[in-house]
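Have a look at the structure below before the remarks.
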Amino acid sequence: MLIKEKSVIAELGEKVVSGGRLTKKEALKLYKSNDILTLGYYGRELKKQKTGDKVFFITNRHINHTNICLNRCKFCAFSRDENEPDAYVMSIEEVVEKGLESAKDNISELHIVGGCHPTLPYSYYLDMIRELHKALPSVHIQAFTAVEIDYFAQISNKSIHEVLAEFKDVGLGSLPGGGAEIFSERTRALAWEKKVGAARWLEIMEAAHNLGINSNATMLYGHIETLEERIDHMMRLRDLQDKTGGFKAFIPLAFHPMNTELDQLSGTTGYEDIKTLAVARLVLDNFDHIKAFWIMIGPKLAQVSLQFGVDDIDGTVVEEKITHSAGAETEEYIEKNKLIHLIKDAGYTPVERDTLYNELNTF
Ligand code: V47
Ligand code: SF4
């Protein structure tokens, strides 16, 4: 039985590494298999075709400027209503100060995401990026998920094209991949009904790519979604990538249930994390980079995932509130040397990259 299953998985793996493309049904077959070693073998083969022996990381810092959010998604432990005691908003000066603090660590990227705040004006966000770019002209600013871009269009009465163009003008470099969750109306209606759905998220990414703004893509997994919905999510990303080529990396985000309205769920397992990364590599054949976010799955599992198709383990991060509000047990910061050690110890060549995967240093 196991041998028979293995041969089906191997056949599908062979199909992808020889330039073929998986159908929805085939992708689901991979996900339903427990043969992670065969999945890993082919995931790694495909990774090698794309990035050889290199594994990427970045020296970056995350900033979450506000936790006040109108959407209050059920899976989110980070957000607050305005009147809650631990609700916060950083002033633009505070955000710039945090950016400057990290300049001494030679960061190449600032990663900025926050809630959809009910009263902050559009100018707050535009001024934030303008001031950061003025203060740190050589640092790439990756900021605001498609959810926030949609919100900015609403509060400014502008089109998404206008919003994106204005942000690009003041120094926005790229968009992070958050806010995609799972592209299923069923799950959205159950747990994040106030937030933009798949069509709008994809429309915003397409508009960004058409303006020369690259982005990442994520998928939040391990909550109320089905395997079919995960595969459908990946397929829709693959379709848009065929059209624009603007996605840099795909990052599966492992759901952390603590302090959320879905805290009856038990969270993902290591097996599921690894399988998701390997399947993503094989399904998303037109993505160069599959990233394991060590903050969510831990540095050790992120290291192991390098043998399953992953070629990027994110960065130094420094401060992370979204997953840590939901019970993440990882540190918030990891030293560059530790990332290098993890990559080397798995037999790969560590390459420090910038946001757009220009290679800065090889170790
Ligand atoms: O959109 C919220 C997710 C995302 C939880 O682009 C949760 O390089 C797990 O998008 N458990 C924000 N996840 C983070 C994000 C991201 C992270 C790292 C790298 C990149 C990139 C993007 O975090 C949200 C949501 O999908 N999230 N709550 C939770 N309880
Ligand atoms: Fe708001 Fe994002 Fe949290 Fe949803 S996940 S409540 S949009 S901060």
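The values are calculated or read from the model by the stated rules, or taken from the named source; none is laboratory data. As the structure is a prediction and not an experimental result, all values here were calculated from the model. Cβ placement follows ideal geometry from the backbone for every residue including glycine, while neighbour counts extend to all protein chains displayed. These accessible areas exclude ligands, DNA and RNA; they are computed on the full protein's heavy atoms, side chains included. Shrake-Rupley method; radii C 1.70, N 1.55, O 1.52, S 1.80 Å.
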- Item | Order by protection proxy (mean Cβ within 10 Å, highest first), peptides 166-176, 101-111 | 166-176, 101-111
- Sorting LEU360, VAL89, LEU37 by the position of each Cα along the dipole of the chain (Lys, Arg +1; Asp, Glu -1; all at Cβ), the one nearest the positive end of that ordering is LEU37
- Task: For region 282-322 and region 78-115, write down the distance between their C-alpha centroids in whole Å.
- Result: 23 Å
- Task: Let me have the relative contact order for the chain, percent, based on Cα pairs under 8 Å that are six or more residues apart.
- Result: 23 percent
- Message: What is the percent carbon and sulfur in the accessible area of region 1-160, measuring with a 1.4 Å probe over the protein chains and ignoring ligands?
- Response: 53 percent
- About its Cα centre, what dipole magnitude does the chain give when the only charges are +1 on Lys and Arg Cβ and -1 on Asp and Glu Cβ, stated in debye to the nearest 20? 1180 debye
- Message: If amide hydrogens are placed 1.01 Å from N in the peptide plane, which non-local residues have theirs closer than 5 Å to the one on ARG80?
- Response: ILE68, CYS69
- At 0.36 nm per residue, minus the direct Cα-Cα distance, what do LEU211 and ASN337 gain on full extension? Give it in nm, one decimal, please. 41.8 nm
- Query: Stretch THR362-LYS104 to full length: gain in nm at 0.36 nm per residue minus the Cα-Cα span?
  - Reply: 90.8 nm
- Between the helical axis of 146-156 and the dominant principal axis of the chain, each derived from Cα atoms, what acute angle in degrees is found, rounded to the nearest 10? 30 degrees
- Most to least packed among 85-91, 116-122 [average Cβ atoms within 10 Å]: 116-122, 85-91
- Where both partners of a DSSP beta bridge lie in region 53-362, what percent of those bridges are antiparallel, to the nearest 5? 10 percent
- Working from Cα positions, state the angle (0 to 90°, nearest 10) between the long axis of helix 122-135 and the longest principal axis of the chain. 80 degrees
- Task: Using packing as a proxy for protection, rank 177-183, 197-203, 273-279, 298-304 so that the peptide with the highest average count of other Cβ atoms within 10 Å comes first.
- Result: 273-279, 177-183, 298-304, 197-203
- Task: Compute the long axis of helix 198-210 from its Cα atoms, compare it with the longest principal axis of the Cα atoms of the chain, and write down the angle in degrees, 0 to 90, nearest 10.
- Result: 80 degrees
- Query: Which value, in Å², gives the accessible area per residue of the chain when a 1.4 Å probe is used on the protein heavy atoms?
  - Reply: 40 Å²
